[in-house]
Amino acid sequence: MIGNILLLSMREIRRNVLRSILTTLGIVIGVAAVIVVVTLGAGTKAQVQEEISKLGSTMLTVFPGQRRRGGAAQTAPPFEIDDVNALRRETTLLSSVAPMSIGRKMIVYGNENRRSQLVGTDREFVNVRNWALTAGRLFSPAEEQSGKSVCIIGLTVRKELFKDEPYLGNVLRIGKASCEVIGLLEPKGQVMFSGDQDDVVVVPIKYYQRRISGNTNVDQIYVSALDDDLVPAAQAEVEMIMRERRPSQPGAEDLFSVRGVQEMSTAFQSSTAVMTAFLSAIAAISLLVGGIGIMNIMLVSVTERTREIGIRMAIGAREKEVLLQFLVEAAMLAGFGGLVGIAIGLGGAMALAPLLNVPFIVQPDMMVMAFVFSALVGVVFGYMPARSAARLDPIDALRHE
Amino acid sequence: MSENELSERDHEGPVVAFEHVAKVYGDGEMAVRALDDVSFEIHAGEFVAVMGASGSGKSTTMNIMGCLDTPSSGQYLFKGVDVKTLSRDQRALLRRHYLGFVFQGFNLLSRTTALENLELPLIYRRIAKAERRDMAMAALNAVGLENREHHTAAELSGGQQQRVAIARAMVTTPSLLLADEPTGNLDTARSQEIMELLARLNEDKGLTIVLVTHEDDMAAFARRTLVFRDGNIVHETRSQAA
Ligand SMILES: Nc1ncnc2c1ncn2[C@@H]1O[C@H](COP(=O)(O)OP(=O)(O)O)[C@@H](O)[C@H]1O
Ligand SMILES: [Mg+2]
């Protein structure tokens with residue numbers, strides 16, 4: 001029987017193409033919106049994952065004190081270079097440890113100037129950050145020891161300050177201090193929650209302390225675990241070592257904190273979760289509106305098709321056959337609308353992805369779900385009109401003008 | 001009664017038997033007694049005309065005969081089945097397997113080709129595609145529209161539409177073809193053609209036909225005439241030849 005009903009429904013849809021298109025328009029728009037959102041959402045998520053690995057998935061950052069979002073920072077003594085040395089000495093699970101003091105400073109070369117990130121650290125820094133030089137060299141141990149005025153620059157600084165001029169051997173001014181450029185970092189590009197990674201000038205930590213900050217502080221310590229799988233163990237080890245070095249009152253919080261790159265991105269991810277929930281709500285509403293559209297036009301079409309229903313009944317259609325035909329029509333229209341919506345959504349996402357600078361990632365299971373869901377919307381919202389069609393009295397229906 | 005019992009009825013007696021049938025619409029003050037006390041029989045192969053003034057109960061009789069409606073009292077036996085005992089869906093099955101309808105307003109599906117209109121009752125009967133085509137084409141042939149199969153209703157004249165409707169009613173070779181004023185919307189020449197067609201189908205194929213008409217000219221094609229007045233049969237005539 002269902003084969004016959006399919007045939008009848010198909011003929012009915014073909015019989016009135018315009019009405020069919022109008023009926024399913026809401027579904028088309030709803031599904032297209034969902035597909036665009038989901039596809040771009042997946043692209044954004046993939047991009048975040050990539051950026052995390054750009055930062056280094058084995059990297060951990062040690063801060064003095066607890067870092068609370070929104071709250072006042074805990075007063076804890078700053079790290080000093082001894083803390084770095086202790087970690088280097090006592091660790092078994094870390095491949096590298098680097099001190100980090102960071103500030104935004106005005107960097108000047110000739111007539112050009114730029115506010116960039118100034119990082120005081122040592123050679124280990126390139127290992128922790130999984131970074132490499134494209135030109136020049138790293139600090140020598142002697143330069144680190146003496147805090148010599150040498151610096152390594154990122155690509156953005158090179159482009160902005162030196163344009164096409166040679167940079168190796170030239171001298172940058174940083175406030176009252178100055179440094180000679182000895183190396184260029186390989187470009188890393190934009191990272192979503194840290195900005196332009198190449199807008200950076202790296203100097204020996206001792207130089208930073210003496211000439212820039214004027215104290216012996218180390219703002220943060222970057223460490224890198226031997227392996228991805230060892231990150232939690234390495235974190236535990238770092239915590240153990242640090243707890244020994246800066247004991248807190250029993251029961252009180254640690255006077256330091258350790259965070260991974262993954263954790264640094266959780267803030268971003270929770271904001272995407274809110275975004276996804278919001279957009280899903282929009283998607284649900286648009287499908288609901290699409291469903292109501294189907295119901296509305298099908299109710300009108302039952303009235304408009306009263307005579308046709310009468311003819312079918314006179315010819316011998318049973319109640320359930322009329323009901324099924326209308327349900328199948330609704331499901332087919334909505335399912336077809338879903339397919340069109342998926343196609344439009346994919347097209348839209350493909351067009352928008354490069355504009356938003358995210359990769360275009362097709363989500364096949366979402367597409368299947370969108371299709372099934374739209375057919376379901378058709379059945380659910382087509383039921384009431386279908387039932388009112390099936391309950392018509394054939395004599396009244398035939399007399400209908 | 002099962003679907004099989006309703007679709008494969010061998011019945012010796014009359015196709016139609018009305019026994020003191022009355023039909024009342026509405027109730028109380030508003031009640032209309034459309035049929036008062038009607039009894040008659042129609043046997044296989046008959047060609048019967050039903051006449052009478054407007055409102056005399058002709059359409060009501062046709063609707064009951066066609067199992068679209070049921071009597072308020074009395075009994076209607078279609079091929080020996082008491083229709084009043086059947087459900088809505090069971091009556092639909094009787095119509096599907098044994099009845100054909102032709103209406104004054106043609107009632108073809110719009111924007112649908114003649115062939116597809118003819119296929120409709122065959123689809124409900126679950127007849128396979130190839131056989132369905134053949135049967136539909138044969139019926140179109142029988143009404144002289146063999147080269148109009150892909151025309152829609154809008155592309156056919158009134159007379160042609162009514163011939164498609166007749167083809168649709170007979171494509172299933174029903175036990176009874178009911179035509180309520182089939183020539184009511186047609187001019188005299190076209191009416192004449194339709195009547196000739198019905199007479200021929202009755203003659204050649206033995207199709208049992210009941211026809212409502214206002215005009216004696218049209219009724220003359222039938223071999224028996226029932227005349228209604230105020231819900232009763234007041235006169236009956238039989239003629240030997242068509
Ligand atoms: N559904 C109905 N409800 C109420 N009255 C009806 C209905 N159908 C027919 N009637 C009445 O029954 C009577 C017979 O109608 P009908 O059989 O259609 O007459 P005819 O076809 O001979 O013109 C008329 O008075 C008509 O108004
Ligand atoms: Mg009438």
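Before moving on, here are some points about what is shown:
- Taking the listed residues A:VAL368, A:VAL377, A:VAL358, A:VAL362, the one that is without any contact (Cβ under 8 Å) to a residue 60 or more places away in the chain, of a type in the set (Val, Ile, Thr) and in the same structural domain as A:ALA46 (by TED's automatic domain parsing) is A:VAL368, with no other qualifying.
- Consider the stretch B:56-81 and keep the residues that are on the phi > 0 side of the Ramachandran plot and away from ligand 2 (no atom under 16 Å from the Cβ). The one that is surrounded by the fewest Cβ atoms within 10 Å (Cβ to Cβ) is B:GLY80.
- Per the conditions (1) closer than 21 Å to B:ALA179 by Cα; (2) away from ligand 2 (no atom under 16 Å from the Cβ); (3) touching a Gly at 6+ places or on another chain (Cβ under 9 Å), the sole criterion not satisfied by B:ARG126 is (1).
- Any chance A:LEU60 is modelled with pLDDT of 70 or more and not in a strand (DSSP E or B): no
- Counting the residues of the stretch B:69-84 that are of a type in the set (Val, Ile, Thr) and under 17 Å from B:GLY13 (Cβ atoms) gives 2.
- Residue pairs meeting the criteria (Cβ under 6 Å; at least 6 apart or on separate chains; first within 16 Å of ligand 2 (Cβ to nearest atom), in the stretch B:224-239; second in a loop (DSSP other than H, G, I, E, B)): B:PHE228/B:SER56; B:PHE228/B:GLY57; B:ARG229/B:SER56; B:GLY231/B:GLY57
- The single condition among (1) in contact with a helix residue (DSSP H, G or I) (Cβ under 6 Å, 6 or more places away or on another chain); (2) crowded, with 16+ Cβ neighbours inside 10 Å; (3) over 27 Å from A:MET240 (Cβ atoms) that A:LEU118 does not satisfy is (1).
- Scanning the stretch B:107-162 for residues that are of a type in the set (Val, Ile, Thr), farther than 22 Å from B:ARG190 by Cα and either touching a strand residue (DSSP E or B) at 6+ places or on another chain (Cβ under 9 Å) or touching a residue at least 24 places away in the same chain (Cβ under 8 Å) (or both) returns a single hit, B:THR112.
- Scanning the stretch B:102-116 for residues that are facing chain A (nearest Cβ under 9 Å) and either more than 29 Å from B:ALA17 (Cα to Cα) or in a helix (DSSP H, G or I) (or both) gives B:LEU108, B:LEU109, B:SER110, B:ARG111, B:THR112, B:GLU116.
- Condition check for B:LYS84: away from ligand 2 (no atom under 16 Å from the Cβ) and either more than 21 Å from B:LEU207 (Cβ to Cβ) or aliphatic (A, V, I, L, M) (or both): yes
- Index of the failed condition, A:PRO359 passing every other in (1) within 16 Å of ligand 2 (Cβ to nearest atom); (2) of a type outside the set (A, V, I, L, M, F, W, C); (3) at pLDDT below 90: (1)
- The residues of the stretch B:60-70 that are more than 10 Å from chain A (Cβ to nearest Cβ) and not in a helix (DSSP H, G or I) amount to a single one, B:THR70.
- Within the stretch A:66-174, helices (runs of 4 or more DSSP H) holding 3 or more residues that are over 35 Å from the mean Cα position of the chain (by Cα): A:81-90, A:141-146
- Condition broken by A:LEU352, with the remaining ones in (1) surrounded by fewer than 21 Cβ atoms within 10 Å (Cβ to Cβ); (2) at pLDDT 90 or above; (3) away from every other protein chain (no Cβ under 14 Å); (4) more than 22 Å from A:VAL37 (Cβ to Cβ) satisfied: (4)
- Residues of the stretch A:289-305 that turn out to be free of Cβ contacts under 8 Å to residues at least 24 places away in the same chain and within 13 Å of chain B (Cβ to nearest Cβ), as a count: 1
- In the stretch B:127-149, residue farthest from ligand 1 (Cβ to nearest atom) [restricted to those that are within 14 Å of chain A (Cβ to nearest Cβ) and not in a helix (DSSP H, G or I)]: B:ALA128
- All positions within the stretch B:155-173 that are buried (at least 20 other Cβ atoms within 10 Å of the Cβ), not in a helix (DSSP H, G or I) and not polar (S, T, N, Q): B:VAL171
- Residues located in the stretch B:85-101, provided they are within 7 Å of chain A (Cβ to nearest Cβ) and free of Cβ contacts under 8 Å to residues at least 40 places away in the same chain: B:ARG88, B:ASP89, B:ALA92, B:ARG95
- Scanning the stretch A:239-262 finds no residues that are part of a helix (DSSP H, G or I), within 14 Å of chain B (Cβ to nearest Cβ) and more than 37 Å from the chain's Cα centre (by Cα).
- Residue within the stretch B:2-25 that is more than 14 Å from chain A (Cβ to nearest Cβ), within 11 Å of ligand 1 (Cβ to nearest atom), free of Cβ contacts under 8 Å to residues at least 40 places away in the same chain and assigned to a loop (DSSP other than H, G, I, E, B) present: no
- Among the candidates B:THR183, B:THR188, B:THR172, B:THR152, residue that is of a type in the set (Ser, Thr, Tyr), more than 16 Å from ligand 2 (Cβ to nearest atom) and more than 14 Å from chain A (Cβ to nearest Cβ): B:THR188
- Number of residues in the stretch A:306-340 that are more than 14 Å from chain B (Cβ to nearest Cβ) and closer than 26 Å to B:ASN63 by Cβ equals 1.
- Taken over the stretch B:200-242, the criterion of being hydrophobic (A, V, I, L, M, F, W, C) and surrounded by fewer than 18 Cβ atoms within 10 Å (Cβ to Cβ) is satisfied by B:ALA220, B:VAL234, B:ALA241, B:ALA242.
- Some residue of the stretch B:106-121 being more than 22 Å from A:GLY310 (Cβ to Cβ) and aliphatic (A, V, I, L, M): no
- Residue count, the stretch B:71-101 (criterion: more than 16 Å from the chain's Cα centre (by Cα) and assigned to a loop (DSSP other than H, G, I, E, B)): 5
- Entry remark, the stretch B:48-88: residues being among the small types (Gly, Ala, Ser) and more than 9 Å from ligand 1 (Cβ to nearest atom) number 7 in total.
- Tabulated pairs, the stretch B:27-38, first more than 14 Å from chain A (Cβ to nearest Cβ), second more than 8 Å from ligand 1 (Cβ to nearest atom) and of a type in the set (Asp, Glu), C-beta under 8 angstrom, 6+ apart or interchain: B:ASP36/B:ASP230
- Evaluated against (1) crowded, with 21+ Cβ neighbours inside 10 Å; (2) in contact (Cβ under 8 Å) with a residue 24 or more places away in the chain, A:LEU339 falls short on exactly one condition, (1).
- Single unsatisfied condition, B:THR112 versus (1) more than 18 Å from the chain's Cα centre (by Cα); (2) within 16 Å of ligand 1 (Cβ to nearest atom): (2)
The values are calculated or read from the model by the stated rules, or taken from the named source; none is laboratory data. All values derive from a computational prediction rather than experimental measurement. Note that each Cβ is placed from the backbone with ideal geometry, even for glycine, and that neighbours are counted across all protein chains shown.
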